[in-house]
Amino acid sequence: MLNRNRLRIRLIVLIIPLVVAVILGSGIFASLEARKALVRVVNRHMVYKAEQLRDYVTSEWGILNELDLDAQQEYRIIAEESLKSYAVSLLRGKTENIIAFDGDGNVQMRIGYGDFPDPEPWSGAQNYESLHQGWFSGTLHGEKRVGVAFDLEAFGWTVLISEGEEAYFTEIQEIRYTYFWILASTIVLISILIAVYLGYIIRPVEHLTQTMQHISSSQDLSMRAQIESTDEIGFLADRFNSMISSMQRSYMDLQHARDAEESSRKTAVQRELETLNLLGRVSDFRDEDTGEHLRRIGSFSALFSRLLGQTGREQDLIFYSAPLHDIGKIGIPDSILLKPGRLTDEEFEQMKLHTLFGYNILKDAESEYLSLGARIALTHHEKWNGSGYPEGLAGEDIPLPGRIVALVDVFDALISERPYKRAWPPEDAFALILEQRGKHFDPALVDLFEKNFPAFRTMLGLPDFSLES
């Protein structure tokens, strides 16, 4: 079955991934840019602290120089303590610290590092040798830290203002998580909105498709598509309805014409059947004893046709055509046709002519019934062994309808009363038919007759044969 939601699914599969990709790409780009901006802000903040500390030391040391007190050890100690106090005021977080190293790498000052074990001297360590002014990122006393290093020439120290790397980037991670949830929520919301909007756009197309499918499967031309909008889809639905209306009118006109034609055809067939019945009664008029005989010939022949597996049309044809087999007897004088005794040879030769008379009467007709009746009239006295008349045909050269009527004509004639003979018992007539197998009659038809003889006997009491029975 046709998938009515295929267009909607295809559009959703096409559009939503594109929108998600754009949102995701822009989100990642914005996140990276935000990280860079935050790093720059934090760096400037840390550099600002370094500059403040260096300016403070420079100012304090400058005063000692002006007073010529810089060489005295007690004033140097006071200056160092003042430096430490000011450094403490610069720290804001628990993870920040300030460490000062002398030229040998020994720690001379440590501010805000109380949560860590006592540091060991950094003398001779490669990481200390790599420590230089500017940005610092590395491992300090077993912890990853970032910060700013600068020289305090007044004391001969290298000072490092640093913070734990994890804490330093905490805000960035929080921003990333927040942005991730915002991005995920945006994607879900946008996807839902797109799906709903596409449903709103595609729904009229789906309804139109459903209408088309219903009309195609049910042939119900009375159904119309619902016009839900005034856009191109609505215009398409309106044009579709107009087309279906036109088709419905044409179909109704065609139906009326077909009904009229069917009625005319039935009338013509009825007239033709009436003509066939009248032609069959011509023999009745000359010989009233053969009236029932003609009706039974039609019934027996149609039964044979059905037993042979022929179509209803073929059964119908032979049912109405077989009674015309003796139509040629209208050309035989009453002195011969109604003679109670045995015919002389001359009379019999004249009687044989009824096959040709019948054929000549019917041969030029365009009716299927009359055309078949002509062939039956000509060949129903031919015999399987070739000893029949008028042409001496043998075997399958004899048309099948002629072979059928030859058998049922003899059988019914035997069981019927005639001016020149008494009726035979059906069993005796049946025995004669079997005896003439391969001589007078087609062996296959005789076998079929023998196998279905009860049906023929039953039909003897049913002169009004019906093909539907």
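The values are calculated or read from the model by the stated rules, or taken from the named source; none is laboratory data. Keep in mind that this is a model prediction, so the values were computed, not measured. Heads up, the Cβs are rebuilt from the backbone with ideal geometry, glycines too, and the neighbour counts pull from every protein chain shown. Areas reflect the complete protein model, heavy atoms only, side chains present, ligands, DNA and RNA absent. Shrake-Rupley method; radii C 1.70, N 1.55, O 1.52, S 1.80 Å.
Per-structure values
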| quantity | calculated |
| --- | --- |
| Sulfur and carbon atoms: percent of accessible area, the range 340-469 [1.4 Å] | 51 |
| Rounded to the nearest 20 debye, dipole of the range 322-469 from Cβ charges on Lys, Arg, Asp, Glu | 340 |
| 166, 391, reordered so the largest accessible area comes first (probe 1.4 Å) | 166, 391 |
| Built amide H within the under 5 Å cut-off of residue 109, gap 5+ | 100 |
| Whole-angstrom gap from the range 338-371 to the range 379-394, using each part's C-alpha centre | 14 |
| For the range 373-387, Karplus couplings with θ = phi - 60° (6.51, -1.76, 1.60), whole Hz, Gly/Pro x | x, 5, 5, 5, 4, 6, 10, 6, 10, 6, 10, 4, 8, x, 8 |
| Candidate residues 301, 264: accessible-area rank, largest first, probe 1.4 Å | 264, 301 |
| Probe 1.4 Å - accessible area at residue 179, Å² to nearest ten | 80 |
| Debye log10 I(q)/I(0) at q = 0.17, 0.18, 0.21 Å⁻¹ for the range 314-469, Cα point scatterers | -1.15, -1.28, -1.58 |
| Distance violations [Cα-Cα > 28 Å] among 352/421; 352/451; 36/84; 329/451; 352/439 | 352/451; 36/84; 329/451 |
| Residue order for 230, 58 - accessible surface, 1.4 angstrom probe, largest first | 230, 58 |
| Hz values of 3J(HN,Hα) by residue in the range 335-345 - Karplus curve (6.51, -1.76, 1.60), Gly and Pro given as x | 4, 8, 5, 9, 5, x, x, 6, 6, 6, 4 |
